[in-house]
Amino acid sequence: MGRPSKPIITKELAAKAALAVIDSQGIRGMSLQLVAQNLGVKAPSLYYHFKNKAELLTEVARSLLTEARIPEKQHFEDWRDAISTLALATRKSILQHPKAAPLLLEFFPRHLMLNSYDYWVGQFDLPIEQRLLVIDGVEKLTFGSAMLGASGNEPMPSFSPELFPHLHAAAAANELDESTMFVTTLKAFLNAF
C-alpha cells in the first residue's frame, strides 16, 4: 500500500497528541512512539512535520501559548485591560498543563510569536522605546507566575513569625489568592507606563 496523497496528521494534531502524552507521562515520559501511537500512525510519520523531538516540543510550547485567547468581540477600554486579559488567559492555559510548563523555559517559541508581538507593540500608546519593556515585563510576570504555580509548591513556605516578623505581618495582611495577586501585580506594572 502506498503513501496517502495527503498527510493524515498535521503539526497541530501532533502537538496536541504530544501535549496529551506530556499531561499523563510528563516531559521525560514523552516519546515520538507514544505521540505517534496517540495519532494512530508510526513514529517516522512525525518526521514529515518535525526534524526532531526538539522541534515537536517547540510546537507543544507554542500550542500552550496559542490556547490562550481573548474573545474577538470583547471590547476593552484600553490596551492595558486587553493585555492583562491575555496574560491571565496565558497563565491559565499553562496551569492547565502543569507537566508541560517547563517546556516554556527550554523551548520558548519566541520566533513563532513575532506576529503577536508586532500586533501588541502597535497597540501600545507609549513612546516607542518603552514598548518592548512592556512585552518583556508582561512575559516575565506571566511565565514566572505560571511556572511557580505549575510547580505545585506553596506560594510561600511555612516560616517562623518570630524569625521573620515583617514577612509574617505582610502575609497576614494579604487577602489575595494567587491568581488575584498576579492580576494586581500585572496591573501595577502596566499602570507604571
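The values are calculated or read from the model by the stated rules, or taken from the named source; none is laboratory data. Keep in mind that what you see is a predicted model, and the values were worked out from it rather than measured. Because the Cβ atoms are built from the backbone with ideal geometry, glycine has one as well, and the counts that use them run over all protein chains shown. When the accessible area is computed, the model is the full protein with side chains, heavy atoms only, and any ligands, DNA or RNA have been set aside. Shrake-Rupley method; radii C 1.70, N 1.55, O 1.52, S 1.80 Å.
So here's what we get for this one:
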quantity	calculated
Count of residues meeting criterion [closer than 24 Å to residue 191 by Cα and at pLDDT 95 or above] in the stretch 146-169	0
Residue 116 vs. criteria of a type in the set (S, T, N, Q) and either touching a Lys or Arg at 6+ places or on another chain (Cβ under 6 Å) or within 16 Å of residue 82 (Cβ to Cβ) (or both)	yes
Test: residue in the stretch 33-53 that is more than 23 Å from residue 152 (Cα to Cα) and touching a Pro at 6+ places or on another chain (Cβ under 7 Å)	yes
Residues (of a type in the set (Asp, Glu) and either open to solvent by less than 20 Å² (accessible area, probe 1.4 Å) or under 27 Å from residue 17 (Cβ atoms) (or both)) located in the stretch 62-100	67
Answer from 148, 163, 133 - the residue that is open to solvent by 70 Å² or more (accessible area, probe 1.4 Å), touching a Pro at 6+ places or on another chain (Cβ under 9 Å) and of a type outside the set (S, T, N, Q)	148
Leading residue by the ranking (farthest from the chain's Cα centre (by Cα)) among those in the stretch 51-74 that are hydrophobic (A, V, I, L, M, F, W, C) and within 13 Å of residue 116 (Cβ to Cβ)	70
Output for the stretch 28-61, where each listed residue is closer than 18 Å to residue 109 by Cβ and open to solvent by 50 Å² or more (accessible area, probe 1.4 Å)	51, 52, 53, 55
Filter result for residue 59 (out of contact with any helix residue (DSSP H, G or I) (no Cβ under 8 Å at 6 or more places or on another chain) and of a type in the set (Asp, Glu))	no
Flag if residue 171 is part of a helix (DSSP H, G or I) and either farther than 30 Å from residue 124 by Cβ or touching a helix residue (DSSP H, G or I) at 6+ places or on another chain (Cβ under 7 Å) (or both)	yes
Identity of the residue in the stretch 54-112, of a type in the set (D, E, K, R) and outside any helix (DSSP H, G or I), that ends up modelled with the highest pLDDT	99
Selection within the stretch 166-184 - β-branched (Val, Ile, Thr), free of Cβ contacts under 8 Å to residues at least 60 places away in the same chain and surrounded by 14 or more Cβ atoms within 10 Å (Cβ to Cβ)	none
Condition met for residue 116 (assigned to a helix (DSSP H, G or I), within 15 Å of the chain's Cα centre (by Cα), of a type in the set (Ser, Thr, Tyr) and buried (at least 19 other Cβ atoms within 10 Å of the Cβ))	no
